[in-house]
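First comes the structure, then the notes that go with it.
The values are calculated or read from the model by the stated rules, or taken from the named source; none is laboratory data. Quick caveat, the model's predicted, so the values are computed rather than measured. All Cβ positions, even for glycine, are placed from backbone atoms using ideal geometry, and neighbour counts span all protein chains on display. The accessibility values were calculated without ligands, DNA or RNA, using every heavy atom of the protein model including side chains. Shrake-Rupley method; radii C 1.70, N 1.55, O 1.52, S 1.80 Å.
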Amino acid sequence: MKDIPIYLFTGFLDSGKTKFIQETLEDERFNAGEKTLLLLCEEGEEEYDLSKMPYQNIYIRKIESKTDLTAKNIEKFLKETSAERVIVEYNGMWLLEELFKALPRYCIISQEICFFEESTALTYNANMRQLVYDKISTAELVVFNRCPENFDFMPLHKLVRGANRRSNIAYEYENGYVKYDDLEDPLPFDVNADVIEISDIDYALWFQDMMSDMSKYIGKTLKFKGIVARDGKIPDDTFVVGRHVMTCCADDIQYCGIACDWNSAKTLKTNDWIIVTAKLSVGNHKLYRSKGPYLTATAVALSSKPETEVATFY
């Protein structure tokens, strides 16, 4: 079956999603007559005015609860409407994983934009960090609406960059003017150094950056502190080294490690803290089922625990 593009709009109530989607569908540059399924996953204060659309090609369907968010229902809607594409206005209180699991395989995310109201964004982040991080981490654009004149954008900039270093950021002011964030965020370590030294507080940031742009580190020598993982299935000349990383809350702490080859690896034990100096490569490693990053150690030394054992982005 032909791939169906998905245009995904996320954010919490009153964040501006409906207004943006309405204006987008009124624009003939986007709406050139394609049959479009508009999938609504929450009830907002604003309603869509289909009479303003240049074509009568928009078919609204609603998902009332998470239990209704299934591939079967989405396929039913697509069949009913013969839609060529889908616009999803997603419920901010639902994790994106629920949607990704429900999408049929031929439905491909084409664009993902996240919306916040400027005055409530930091409050949501303080009280529902997991949900905020969930929406920002995969968005290609984060929009902050209703920004007052001369407001301090740095807390919002840091909020986004703590979850996503690649996303574009836009601030829409109350007068309708839109400013794009062009602030550069240099990494807190020198990627061009002979040995890239990753401090304890920067491990999470480095791991995120490395996983999103491995080419930047191929052939580079790294030095950092990490905790060892080994078991009986790991070859004698290999261990895993990494840190436990918390992306948004204690519930999502996970071990973010990388395979490392070293002739004396069998002398290490799980939970040993070490300082490793190693060169990074990318390829098919014996510890992976597919291509991935791995290290070849030139020096390994036992070390004490860092002051904070769990690495974070903030």
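Tabulated data
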quantity	calculated
In segment 264-297, the residues that are touching a residue at least 60 places away in the same chain (Cβ under 8 Å) and either closer than 16 Å to ILE196 by Cα or surrounded by 17 or more Cβ atoms within 10 Å (Cβ to Cβ) (or both)	THR277, LYS279, LEU280, SER281, PRO293, LEU295
Where a residue in segment 62-74 is among the polar types (S, T, N, Q) and its partner, wherever it lies, is open to solvent by less than 60 Å² (accessible area, probe 1.4 Å), with Cβ under 6 Å and at least six apart	THR70/ALA102
Residue among GLU149, GLU117, GLU184, GLU174 that is of a type in the set (Asp, Glu) and modelled with pLDDT of 95 or more	GLU117
Yes/no for ALA71 being among the aliphatic types (A, V, I, L, M) and open to solvent by less than 40 Å² (accessible area, probe 1.4 Å)	yes
Conditions (1) surrounded by fewer than 17 Cβ atoms within 10 Å (Cβ to Cβ); (2) within 21 Å of TYR288 (Cα to Cα); (3) modelled with pLDDT of 90 or more: number failed by SER212	(3)
Tally, over segment 179-194, of residues that are in contact with a strand residue (DSSP E or B) (Cβ under 7 Å, 6 or more places away or on another chain) and open to solvent by less than 60 Å² (accessible area, probe 1.4 Å)	2
Segment 198-239, residues that are of a type in the set (A, V, I, L, M) and part of a loop (DSSP other than H, G, I, E, B)	ILE198, ILE218, ILE234
Verdict on VAL300 being surrounded by 11 or more Cβ atoms within 10 Å (Cβ to Cβ) and under 27 Å from the mean Cα position of the chain (by Cα)	no
Test for ARG29: is it over 24 Å from the mean Cα position of the chain (by Cα), surrounded by 13 or more Cβ atoms within 10 Å (Cβ to Cβ) and not in a helix (DSSP H, G or I)	no
Any hit, segment 150-167, residues being touching a residue at least 60 places away in the same chain (Cβ under 8 Å) and open to solvent by less than 40 Å² (accessible area, probe 1.4 Å)	yes
